[in-house]
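Colleague: The following block contains the structure, expressed as structure tokens.
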Amino acid sequence: MLTDFGRILIFLLIGVIFTAGGLIASWLLRPRRPYPEKLSTYECGEEPVGGSWVRLNVRFYVVALIFLIFDVEVVVLFPWAVVFKNSGMLAFLEMAVFLAILAVGFVYVWVKGDLDWDKPSPRLPVYVKGKGIISEEMERTEEKEYVSV
Amino acid sequence: MNIIEPLVKIALILLINLTTVAYLVYTERRVSAFIQNRVGPNRVGPMGLLQPVADIVKLFFKEDIVPTAANKFVHSLAPLISLIVALSTFAVIPFGNTIHLFGRDIKLMIADVNVGLLYLLALSSLGVYGITLSGWSSNNKYSLLGGLRSSAQMISYELSMGLSIIGVLMIAGSLQLDKIVVHQGNYLGGFLPAWNIFLQPLGFITFVVAYFAETNRLPFDLPEAEPELVGGYHTEYSGMKFGLFFLAEYANMITASAVITTLYLGGWQFPFIENFGFSPLAVSLLQVAAFGVKVALVLLFFIIVRWTIPRFRYDQLMNLGWKVMLPLAVLNIIITGFFILV
């Protein structure tokens with residue numbers, strides 16, 4: 001007797017065989033003509049500058065931490081949602097309290113600015129009547145000209 | 001005898017799934033061409049219908065370039081994870097009602113597990129490993145950025161996805177996908193099919209948006225944003241390994257469409273079919289066809305969205321995920337709970 005999870009296992013195994021089969025077939029068929037330049041890391045045709053395994057922006061870690069907290073929340077919500085119809089008002093209020101506590105944490109993170117990511121602040125050129133299009137660059141060059149004269 | 005039936009079903013599903021993947025790529029190229037007033041691939045075979053075959057053969061014969069700086073084992077492992085995860089989600093999707101064939105009742109899904117929805121969420125969140133590992137192992141700055149962005153994006157939207165599903169669970173009262181579909185076979189007021197899209201419009205929107213982000217499709221394809229990251233996580237991939245990523249992306253699309261159909265669009269339900277007086281076998285077959293048509297329409301929606309909406313900026317993406325989608329999904333739970341109680 002094959003259980004449902006047994007079927008999933010068979011499905012996974014066939015999936016693995018299929019994908020690995022594709023890789024092996026292409027390994028048998030494909031040409032191999034490597035040379036150092038071909039195997040260098042791509043960086044727009046330039047020699048790569050430094051390594052890539054570097055420190056990352058700390059925001060990624062913060063997002064991962066907030067995710068962990070909320071993911072646990074989702075896991076708690078699942079069984080609650082399944083039995084919700086039969087458990088009535090009390091269950092609803094209990095979950096509302098739980099969500100409210102989480103909401104406080106969420107608001108804290110929001111107000112602290114941990115959900116804000118760096119925005120580009122482009123300085124767009126503006127049109128001024130009589131003067132034409134003025135951008136910051138042009139202003140700077142004009143200043144320079146005055147100084148030099 | 002007991003093992004043959006699941007094997008046949010698995011083989012059929014894999015075969016159909018992969019053929020659909022191949023032709024989905026073709027459809028996407030044709031549709032995008034029409035949207036941009038081009039012709040698209042039309043040389044290989046009648047109307048270019050053999051183009052996918054040509055593409056796959058080409059991928060098989062391409063040299064596989066692994067950069068010397070890369071971590072070779074993880075570099076090869078990542079595309080495998082991506083594709084296996086993308087394919088295996090299909091194990092719990094019901095694509096038809098129980099069908100009576102050759103004197104026995106055959107359930108048209110591979111495994112009717114009682115935690116189907118959890119299995120689905122668990123596997124779809126595993127997909128992030130394929131992309132993150134490929135980004136890290138390539139030892140390329142673009143790949144690393146793509147992989148990082150993708151992991152942050154996918155975990156952010158996974159929350160909204162999980163929370164949107166809660167609404168469906170509260171209505172259906174089961175994690176079993178088959179039961180969720182059966183539950184959508186009723187009628188609201190006698191004329192409107194009780195699909196969850198009508199019961200949960202807000203949840204449907206948040207779920208679809210979150211699933212778009214999970215599958216890294218435009219407008220959420222920051223991980224591979226071509227103009228800034230070259231190819232993102234698959235910059236350093238070539239040949240069949242690149243092909244596996246490509247297949248995985250489209251297989252994910254199919255899974256996403258199937259899941260959206262199952263949870264919100266009534267799955268294999270064919271409204272009012274019991275009134276036409278077909279034989280049971282014909283009804284079952286028509287229901288499978290209904291499932292196929294719904295999935296195809298959702299896929300077409302995916303493609304059209306990709307070619308009509310521009311890409312987000314990263315801060316917009318994170319803002320949308322955390323400050324709009326998450327509160328909306330929680331709001332959906334509260335509204336649903338309120339309506340069930342009243």
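Coordinate-derived values only; no laboratory data. Bear in mind that the values here come from a model prediction, so they are computed numbers and not experimental data. All Cβ positions, even for glycine, are placed from backbone atoms using ideal geometry, and neighbour counts span all protein chains on display.
Colleague: Enumerate the amide H contacts of B:Ile99 below 5 Å, restricted to partners 5 or more residues apart or on another chain; note that Pro and chain-start residues carry no placed amide H.
Modeller: HN-HN under 5 Å from B:Ile99: B:Ile106, B:Lys107, B:Leu108.
Colleague: Now for a separate question. What is the mean number of Cβ atoms from other protein chains located within 10 Å of the Cβ atom of each residue in peptide B:84-92, rounded to a whole number?
Modeller: Details: counts 8, 2, 2, 7, 8, 1, 2, 9, 4.
Mean shielding count: 5.
Colleague: Which whole-percent values make up P(r) of chain B when all C-alpha to C-alpha distances are grouped in 20 Å steps starting at zero?
Modeller: 28, 58, 14, 0
Colleague: Could I ask something else about it? Can you give me the distance in nm between label points at B:Val324 and A:Asn86, each placed 7 Å from the Cα along the Cα-to-Cβ direction?
Modeller: 4.0 nm
Colleague: On to the next question. Would you tell me the mean number of C-beta atoms belonging to other protein chains that fall within 10 Å of each C-beta in B:126-139, as a whole number?
Modeller: 1
Colleague: Express in whole angstrom the spacing between the alpha-carbon centres of the range B:118-189 and the range A:21-92.
Modeller: Here the two parts' Cα centres lie 12 Å apart.
Colleague: Work out the FRET efficiency for A:Glu94 and B:Leu118 from their Cβ-Cβ distance, taking R0 = 25 Å, and round it to the nearest 0.05.
Modeller: Once the sixth-power term is evaluated, E becomes 0.70.
Colleague: So how do B:Tyr237, B:Tyr187, B:Tyr211 line up by other beta-carbon neighbours within 10 Å, fewest first?
Modeller: B:Tyr187, B:Tyr237, B:Tyr211
Colleague: Okay, next question. Rounded to the nearest 500, what is the 222 nm mean residue ellipticity of chain A from helices alone, with -39500 (n - 2.57) per DSSP H run of 4+ residues and division by all residues?
Modeller: The helix-only estimate for chain A comes to -22000 deg cm²/dmol at 222 nm.
Colleague: Specify the residue with the greatest mean-square fluctuation among B:Trp322, B:Trp195, B:Trp268, computed from a Gaussian network of chain B linking alpha-carbon atoms under 10 Å apart.
Modeller: Of the options given, B:Trp322 has the highest mean-square fluctuation.
Colleague: Pairs B:Lys58/B:Lys241; B:Lys62/B:Lys241; B:Lys141/B:Lys323; A:Lys85/B:Lys323; A:Lys85/B:Lys179; A:Lys38/B:Lys58: which are spaced more than 18 Å apart, C-alpha to C-alpha?
Modeller: As for pairs spanning more than 18 Å Cα to Cα, those are B:Lys141/B:Lys323; A:Lys85/B:Lys323; A:Lys38/B:Lys58.
Colleague: I've got another one for you. Which FRET efficiency value, to the nearest 0.05, is calculated for A:Ala25 and B:Ser32 with the Förster distance at 35 angstrom and r the Cβ-Cβ distance?
Modeller: Calculated transfer efficiency: 0.75.
Colleague: Further, regarding this structure: So if each residue of separation counts as 0.36 nm, and I subtract the Cα-Cα distance between A:Glu37 and A:Val62, what length gain in nm does that give?
Modeller: Numbers: separation 25, 0.36 × 25 = 9.00 nm, distance 3.85 nm.
Roughly 5.2 nm would be gained on extension.
Colleague: Work out from phi, with θ = phi - 60° and the Karplus expression 6.51 cos²θ - 1.76 cosθ + 1.60, the ³J(HN,Hα) of each residue of the range A:9-21, listed in order in whole Hz, and give x for Gly and Pro.
Modeller: For the range A:9-21, the Karplus-derived couplings read 4, 4, 4, 4, 4, 5, x, 4, 4, 4, 5, 5, x Hz, x marking Gly and Pro.
Colleague: What are the equivalent ellipsoid semi-axes of chain A, built from the alpha-carbon gyration tensor (square roots of five times its eigenvalues), in whole angstrom, biggest first?
Modeller: 51, 40, 15
Colleague: Could you rank the peptides B:78-86, B:298-306 by their average count of other C-beta atoms within 10 Å per residue, with the highest value first?
Modeller: Details: B:78-86: 25.8, B:298-306: 17.8.
Highest to lowest by the protection proxy: B:78-86, B:298-306.
Colleague: OK, next. If I fit a long axis through the Cα atoms of helix B:141-172 and take the longest principal axis of the Cα atoms of chain B, what angle between them do I get, 0 to 90°, rounded to 10?
Modeller: 0 degrees
Colleague: Per-residue counts of other Cβ atoms within 10 Å, averaged by peptide: what ranking do you get for B:148-160, B:58-70, highest first?
Modeller: Packing order, densest peptide first, comes out as B:148-160, B:58-70.
Colleague: Right, something else. Counting other beta carbons within 10 Å of each Cβ, put A:Phe70, B:Phe276 in order, fewest first. Mind showing how you got there, number by number?
Modeller: Working: A:Phe70 23, B:Phe276 10.
With the sparsest Cβ surroundings first, the list reads B:Phe276, A:Phe70.
Colleague: Note the full-extension length gain between B:Ser279 and B:Val57 as 0.36 nm times their separation in residues minus their Cα-Cα distance, in nm to one decimal.
Modeller: Working: separation 222, 0.36 × 222 = 79.92 nm, distance 4.35 nm.
Result: 75.6 nm gained on full extension.
Colleague: Just to verify a number: FRET efficiency for B:Phe272 and B:Ile4, C-beta to C-beta distance, R0 = 41 Å, to 0.05?
Modeller: 0.70
Colleague: Additional query: In what sequence do B:His183, B:His100 fall when counting other Cβ within 10 Å, fewest first?
Modeller: Working: B:His183 21, B:His100 11.
Sorted ascending by nearby Cβ count, the order is B:His100, B:His183.
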